[in-house]
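Have a look at the structure below before the remarks.
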Amino acid sequence: MAKEIKTVAVLTSGGDAPGMNAAIRAVVRKSLDNGLKVKGIKKGYNGLLNEEIIDMDRHSVSDIIQRGGTILGTARCLEFKTLEGQQKGAEICRKHGIDGIVVIGGDGSYRGAQKLSQQGINTIGIPGTIDLDIACSDYTIGFDTAINTAMQAIDKIRDTSSSHERCSVIEVMGRNAGYIALWCAIANGGDDLLLPEKYDYNEQRIIDNIIDNRKRGKTHHIVVNAEGIGHSTSMARRIEAATGIETRATILGYMQRGGSPTCKDRVYASMMGCYAADILAAGKTNRVVGYRNGQFVDYDIEEALNMTKSIDEYMYEISKIL
Ligand code: ADP
Ligand code: F6P
């Protein structure tokens, strides 16, 4: 029989992402609407182990839907990877009367949620990461804002790059995943694209491409480089030495993780937050919310973690052709 849920909590974990606040707001307000008590856990699993737990009402989440970051704060917590840490976390939940938790984060955070559910605390995960690297979901909270931020920044770099007839190596976020780079390469008309999933270490091809483009009269050349490949500054130096064309590197960095969420991130995060609140209230546990084929769905956490996702070959081909 499903456990009766009276009090739920919400936490954000791992890297922050624009739209997490919209998701927190949705979890809080939908849970209240479902007749439950709601608490917020600050700073991810760290805050749980340190009992940084606050009561939340409708007004606790006022004026946050438009704000980047996460009002609850986020952290990485090594202690929670240990059985002792997980048992302590579940004990603290019981002490505070918390029957279930919505965890907003990435794969690592789902592992934590899975462990907590094994300790008897109901858990539901929501995909919150700018990287889009959650296999069970076509959408992750923050990706849309991040690609729009990166796209606008690259447009600006392109202006000055053209004026000075320079080549630009632009590094976007994505340590293990190249989705931000792939989308920007298409949206910004990148001339070369380097993804962790596809990298062949063939820098000569980029150099030849730059020389060919210049011969054809192109005034700029944009190399979109994912963080997972990195080394943009030294790459720019080598390109300049080999081509004789002034080359600059720009690492966009954490600006991609901040800022006011786009409409899509606000709406999808709100939908996912409400969905998570509803399935938690219905007694479900060890599930993760996803967006697949135009619908919000949920999966068993283990099943979700075993899914794989790869770069869409057609999109990758298109990025090269255009
Ligand atoms: P993300 O959720 O963005 O993938 P991390 O991989 O850093 O980020 O994971 C966030 C946090 O989730 C970790 O700091 C840790 O507290 C918890 N976590 C990660 N892996 C596990 C695990 N195997 N068992 C328990 N908790 C985990
Ligand atoms: O949130 C995802 C991400 O931005 C990755 O693209 C990046 O590699 C990582 O987080 C960096 O996180 P941090 O420097 O905060 O550990």
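Since every read-out is calculated from the coordinates, none of them should be taken as a lab result. Owing to the predicted nature of the structure, the values given are computational and were not obtained by experimental measurement. Positions of Cβ are backbone-derived with ideal geometry, glycine not excepted, and every protein chain shown enters the neighbour counts.
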request  = Any chance you could get the radius of gyration and Dmax over the Cα atoms of the range 230-318, in Å?
outcome  = 20.7, 64
key: Farthest positive-ward along the chain dipole, Cα basis, beta-carbon charges - from Tyr139, His164, Ala282   = Ala282
ask   = Pick from Lys284, Lys156, Lys264: which is most flexible by mean-square fluctuation in a GNM of the chain where alpha carbon atoms under 10 Å apart are linked?
value = Lys156
query = What ³J(HN,Hα) values, in whole Hz, does the Karplus curve 6.51 cos²θ - 1.76 cosθ + 1.60 give for the range 254-259 when θ = phi - 60°, with x put for Gly and Pro?
reply = 5, 4, 6, 9, x, x
key: Expected 222 nm ellipticity per residue - DSSP helices of 4 or more, -39500 (n - 2.57), all of the chain, to 500   = -13000 deg cm²/dmol
key: Protection proxy ranking, peptides 267-274, 229-236, average beta carbon neighbours within 10 Å, highest first   = 267-274, 229-236
task = Grab the eigenvalues of the alpha-carbon gyration tensor for the range 145-258, scale each by 5, take roots, and send me the semi-axes largest first in whole angstrom.
result = 21, 16, 12
remark   = Its Cα gyration tensor gives the chain an equivalent ellipsoid whose semi-axes in whole Å, largest first, are 42, 18, 17
query = In whole percent, what relative contact order does the range 145-258 give with Cα contacts below 8 Å and a gap of six or more residues?
reply = 41
ask   = What's the local net charge at Asp208, with K and R +1, D and E -1, over the other residues with C-beta under 12 Å away?
value = -1
message = Show me the ranking of peptides 191-200, 12-21, 82-91 by mean Cβ neighbours inside 10 Å, starting with the highest.
response = 12-21, 191-200, 82-91
request  = Calculate one ³J(HN,Hα) per residue across the range 27-32 by plugging θ = phi - 60° into the Karplus curve 6.51 cos²θ - 1.76 cosθ + 1.60, and present them in order as whole Hz with x for glycine and proline.
outcome  = 4, 5, 6, 6, 5, 4
note = At q = 0.10, 0.18 Å⁻¹, the log10 of I(q)/I(0) for the range 1-120 from a Debye sum over equal Cα scatterers comes to -0.26, -0.88
message = Could you identify which residue out of Tyr45, Tyr179, Tyr291 has the top mean-square fluctuation in a GNM of the chain using Cα springs shorter than 10 Å?
response = Tyr291
request  = Arrange the peptides 109-119, 27-37 so that the one whose residues have, on average, the most other Cβ atoms within 10 Å appears first.
outcome  = 109-119, 27-37
key: Relative contact order of the range 237-322, pairs being alpha-carbon contacts under 8 Å that are 6 or more residues apart, as %   = 14
request  = Read phi for every residue in the range 136-152 and hand back ³J(HN,Hα) as whole Hz from Karplus 6.51 cos²θ - 1.76 cosθ + 1.60, θ = phi - 60°, with x for Gly and Pro.
outcome  = 7, 9, 7, 9, 10, 4, x, 4, 4, 5, 4, 6, 5, 4, 5, 4, 5
task = Calculate the dipole size of the chain relative to its Cα centre from +1 charges on Lys and Arg beta carbons and -1 charges on Asp and Glu beta carbons; express the result in debye to the nearest 20.
result = 620
